[in-house]
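> Attaching a single structure in structure tokens format; questions to follow.
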Amino acid sequence: MPLPIVGVMGSGSRAHANRSERLGRWLATLPVHLLTGGGGGVMEAVSRAFAQVKERDGRVIGVLPAAADGEGPPPGYPNPWVEIPIQTHLPLRGVGGAHPMSRNHINVLSASVLVALPGGPGTGSEVQLALRYGVPLVGFLGAPEDIPDFPSSAAWTPELKEVQAFVLDAL
């Protein structure tokens, strides 16, 4: 039976290391694959923490955007911790994250459960897509304002233990 996939979404420029690293190390203790957008910031920090756990069953998957010219990924993609890069032809991200030409749809639909860390408009679009597609989602946030337009109907918590319980229940 294939391992479930846990998607972690968040800032492409800020690591939010305290949350990202604790989450990544914990996820590596589970029989799951980690999926991110394959870039920097939260994506790199959670991937590094996950990959550095020696005894793990899962792999780090990165779903990569296309460069503006369509020739491979943009600079910085994939981050060094991605073990299974999935190149797409989809260039839009950030404020264009909900558009059909964004890889965010693949990220959301490929995951059994999603954890959203602080981020910008791209992370916000992934939260909206998770709600649209009915994918279980929890925000690992200090406050809902850590993600633009975070919906009041979405679950969130500042506590790792509560994120862990949510993920385990969803799996």
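> Counting only protein heavy atoms, what percent of the accessible surface of the chain is carbon or sulfur at a 1.4 Å probe? Please report the intermediate quantities before stating the final value.
Details: 4240 of 7740 Å².
The C+S portion of the solvent-accessible surface of the chain is 55 percent.
> Next question, about the same structure. Order His89, His99, most accessible first, counting only protein heavy atoms with a 1.4 angstrom probe. Walk me through the intermediate numbers first.
Values: His89 135, His99 90 Å².
So, going from the largest accessible area down, we get His89, His99.
> Could you run the Karplus curve 6.51 cos²θ - 1.76 cosθ + 1.60 with θ = phi - 60° over the stretch 159-171 and give me ³J(HN,Hα) per residue in whole Hz, x for Gly and Pro?
9, 4, 4, 6, 5, 4, 4, 4, 4, 4, 5, 5, 7
> Express the relative contact order of the chain as a whole percentage, based on alpha carbon pairs under 8 Å and six or more residues apart in sequence.
Values: 418 pairs, mean separation 35.7, N = 171.
Across the chain, relative contact order equals 21 percent.
> Now, a different point. On full extension of the chain, what length is gained from Glu71 through Gln52, given 0.36 nm per residue of separation minus the C-alpha to C-alpha distance? Don't skip to the end; give the middle numbers.
Details: separation 19, 0.36 × 19 = 6.84 nm, distance 3.04 nm.
Length difference between fully extended and current span is 3.8 nm.
> For the chain, I need the span (max minus min coordinate) of the C-alpha atoms along each principal axis, in Å, sorted largest to smallest.
Taking the Cα atoms of the chain, the three principal extents are 43, 38, 31 Å.
> Mind jotting down the distance between the C-alpha centroids of the stretch 52-113 and the stretch 131-171, whole Å?
Each part's Cα centre sits 21 Å from the other's.
> What value, in deg cm²/dmol to 500, does the helix sum -39500 (n - 2.57) over DSSP H runs of n ≥ 4 give at 222 nm once divided by the residues of the chain? Mind dumping the intermediate values first?
Working: 5 runs with 53 residues, N = 171.
The helix contribution divided over the chain gives -9500 deg cm²/dmol.
The values are calculated or read from the model by the stated rules, or taken from the named source; none is laboratory data. No experiment lies behind these values; they were computed from the predicted model shown. Surface areas here come from the heavy atoms of the whole protein model, side chains and all, with no ligands, DNA or RNA. Shrake-Rupley method; radii C 1.70, N 1.55, O 1.52, S 1.80 Å.
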